[in-house]
Amino acid sequence: MLVLTRRNGESIRIGDGIIVTILDQSGGQVKVGITAPPQVPIHREEIYLKIKAENLAAVRASKATNLLLKQLTNEFNVKGNLGSPQLDK
């Protein structure tokens, strides 16, 4: 990890397109301004972790749904029911 010291109004550049500027420091908090291209996502760490967890849950649900659909398709194909399934009454 690179550690830098900056004062209010001073900036750090990351590559050609990202600028991190220290806007204010008070009460143990630092206000940071970030200038970046629109295609670069910027999130607070806790928000990023929530997004990542939700995406992982969605992928798992999608895989489970696909597995269930494959099992149902195989079951209908084995029984010779290639059309719409008929529900028992």
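Every number in this text was worked out from the coordinates using simple rules, so none of it is lab data. Note that the structure is predicted; figures quoted are calculated from it, not measured. Note that we place each Cβ from the backbone using ideal geometry, even for glycine, and neighbour counts take in every protein chain shown.
Selection of region 5-24 for residues being among the hydrophobic types (A, V, I, L, M, F, W, C) and either assigned to a loop (DSSP other than H, G, I, E, B) or more than 27 Å from the chain's Cα centre (by Cα) (or both) yields only 23.
How many residues are loosely packed, with under 10 Cβ neighbours inside 10 Å and in a loop (DSSP other than H, G, I, E, B) if we restrict to region 25-41?
Total satisfying the criteria: 6.
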